1. So in the range 142-154, with the set limited to residues that are in a loop (DSSP other than H, G, I, E, B) and over 27 Å from P82 (Cα atoms), which one is modelled with the highest pLDDT?
2. Applying the selection to the range 58-86, what residues are part of a strand (DSSP E or B) and farther than 22 Å from P121 by Cα?
3. I'd like the full set of residues that are touching a residue at least 12 places away in the same chain (Cβ under 8 Å), surrounded by fewer than 17 Cβ atoms within 10 Å (Cβ to Cβ) and of a type outside the set (D, E, K, R), limited to the range 66-81.
4. Take the residues in the range 158-173 that are touching a strand residue (DSSP E or B) at 6+ places or on another chain (Cβ under 9 Å) and farther than 25 Å from R28 by Cβ; name whichever of them is modelled with the highest pLDDT.
5. Just for the range 1-24: of the residues that are part of a loop (DSSP other than H, G, I, E, B) and of a type in the set (G, A, S), which one is surrounded by the fewest Cβ atoms within 10 Å (Cβ to Cβ)?
6. Just the residues that are touching a helix residue (DSSP H, G or I) at 6+ places or on another chain (Cβ under 9 Å) and touching a residue at least 40 places away in the same chain (Cβ under 8 Å), please, taken from the range 25-39.
7. Right, R99: more than 18 Å from the chain's Cα centre (by Cα) and exposed (fewer than 14 other Cβ atoms within 10 Å of the Cβ) or not?
8. Of a type in the set (A, V, I, L, M, F, W, C) and assigned to a loop (DSSP other than H, G, I, E, B) - does that describe any residue in the range 123-132?
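The values are calculated or read from the model by the stated rules, or taken from the named source; none is laboratory data. Everything quoted here is computed from the prediction, not taken from an experiment. We place every Cβ from the backbone using ideal geometry, glycine too, and count neighbours over all the protein chains shown.
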Amino acid sequence: MRLPDGLAIQPLARFSAQAWRNGGGTTRPLAGHPDGGWRISLADVECDGPYSRFHGMERLSLIVSGAGVCLRDGTRTVTLSPGQTVSFDGDIAWDASLRDGPVVALNAMAAHGRFVARIMPLMDSRPDATTVPSGVFALVLTLNGRCTWSTADDFADDAHGTLDPAEVLTRDANGPPLHLAPLAAAHGNGLCASLVTIEPIRAR
């Protein structure tokens, strides 16, 4: 099937793992702005240790596999729990402690004052369709679930399909409106897919 202009679908296996900036783990970059103004990645966190610092960036994280992570900096604490998107300051030297073994985290970061990043879990307990309007970059990641997509409101024309486990869909900001509906998750946690959007902050 020929995909609509602005859409691309790839298997997750095509995205190569890279060492963290601080050398303490690995991550798979999934998408990013040419000048580094935003980035989306999937990280494997297998041991306790420091998180990399990213000056001027707001970071978001969604634990998609595993029990979670606790980030600490002095008296400040941020808890990353499965299925919940959490934002935290990329300027801080966070130290990470795994709650009960390794985790996989979907991460997004965006430069303050330039972009707004959002991560939304698509759960099989909330099967209603989610619409992503044109004008924002969108990425959909499936790991252990499936998700239907369409560029038509009724999912009935030729511009629709299903993302199988371990696939990545991207939609450029100038692409058509994108409609997403989660299907059953494979492992009982209800998470079928994760949606990341990156929206530029318009000058007033």
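1. Only one residue tops the list, namely T151.
2. R72, D73, R76, T77
3. Passing the criteria: A67, C70, S81.
4. Checking each candidate, the answer is H160.
5. Once the filter is applied, the top-ranked residue is S16.
6. Scanning the range 25-39 gives a single hit, L30.
7. no
8. There is at least one residue in the range 123-132 that is of a type in the set (A, V, I, L, M, F, W, C) and assigned to a loop (DSSP other than H, G, I, E, B).
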